[in-house]
Amino acid sequence: MNYKNITIAGSGVLGYQIAFQSAFHGFNVTVFDINDDVLEKAKAKFKTLSEAYKKDLNATQQQIDKTHLNLNYTSDLAEAVKDADLLIEAVPENPAIKIDFYKKLAKVAPEKTIFATNSSTMLPSQFAESTGRSSKFLALHFANTIWIHNTAEIMGHATTDKKVFEDVVAFAKAIGMLALPLHKEQPGYILNSLLVPLLSAATSLLVNEVADVQTIDKTWMKATGAPLGPFAILDVVGITTAYNIDKIAADKTKDPLKIKTVAYLKEHFIDKNKLGISTGEGFYKYPNPAFRDSDFLK
Ligand code: NAD
């Protein structure tokens, strides 16, 4: 892997984190977004992120200064990719927006540029054709709060070049990620293939009145040694996300339990703005949730 220049398309929740993490690890990063106002917002977010890197990673001021020097900004796509070795796409999770973006990108990107999507719920094969370079396209999926939850799932599609895949695995390691290669396409990658069924099973147990929130979390924590139970995890992920996933499943399958779950989450959480840690309350109250009590598992 001899990447130097990395372009991040989209400076939203995930994009600006990927940009900062890559710049922190010495890559020359160009941040691309739809207009200069959005890019100004990204610059402000980088200031906040700098403090988080100092607090959470003991980053020095010198490291932070260097990181900022490695960051460039443009709202001109051709300019953004003109010398890019790798472009990481973090534009909204909407297939029409992504396809439109790849078609425009394909016209202006140099031949050498590898494209990677950070999409959480879509598969690279959905976009391979629009990229015009399917062998140089794959998924590189990060988690929110990338500097702490430093996982990178790397997932090709049927015609991704093996060397491209290996280079992206090496890049992920070079920016401090735990690189997690998948051998084939899988909706939800590894993490969400495991997590979504767990969280869904927990809400089903609750909605079916089998057990209460704390008993379900205690069971998981004590029996497996996990630091958090499924409801504590739901508070981190955000109850809105779980609600949206269940709503899609309920609309599609008409499963009575799913319909009941959606109504339950709406009545008890969404309508009351109890959305998890972000609003100070979800299944637990923050900043001192009950599962942190020293006698929670006694
Ligand atoms: P977001 O809505 O916060 O940010 C999207 C950014 O893309 C915005 O800054 C927007 O201005 C910009 N944008 C819109 N159209 C664009 C275009 N045509 N070209 C360039 N930029 C454009 O979204 P997000 O939460 O950061 O998600 C981005 C991607 O990352 C999605 O594919 C999502 O599935 C994935 N992802 C998100 C998370 C998460 O926790 N939010 C976690 C992992 C992966």
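Values in this text are rule-based calculations from the coordinates and carry no lab data. All of these numbers come straight from a predicted model, not from anything done at the bench. Here the Cβ positions follow ideal geometry from the backbone for every residue, glycine too, while neighbour counts run over all protein chains shown.
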Efficiency of FRET from Cβ geometry, Asn58 and Lys272, R₀ 41 Å, rounded to 0.05: 0.60
Label zone at Asp251 (point 7 Å along Cα-to-Cβ), backbone N below 13 Å, region 7-28: none
Between region 1-59 and region 155-180, the Cα center-to-center distance that results, in Å: 20
Cut-off of 10 Å, at most 11 other beta carbons, DSSP loop: longest stretch of the chain lacking such GluC sites (Glu not before Pro): 1-110
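What's the ranking of 197-205, 289-297, 222-230 by average number of surrounding C-beta atoms within 10 Å, highest first?
Going by the mean number of other Cβ atoms within 10 Å, highest first, we get 197-205, 222-230, 289-297.
Among rounded, prolate and oblate, which fits region 178-298 when a ≥ b ≥ c are the square roots of the eigenvalues of its C-alpha gyration tensor, a/c under 1.5 means rounded, and a/b larger than b/c means prolate?
Verdict is oblate for region 178-298.
Can you give me the relative contact order of the chain as a percent, contacts being Cα pairs under 8 Å and 6 or more apart? Could you put the intermediate results ahead of the total?
Working: 477 pairs, mean separation 36.5, N = 298.
Relative CO of the chain lands at 12 percent.
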Prolate/oblate/rounded label for region 205-274 (Cα gyration tensor, a/c 1.5): prolate
Order of Thr279, Thr160 - criterion: other Cβ atoms within 10 Å of each residue's Cβ, fewest first: Thr279, Thr160
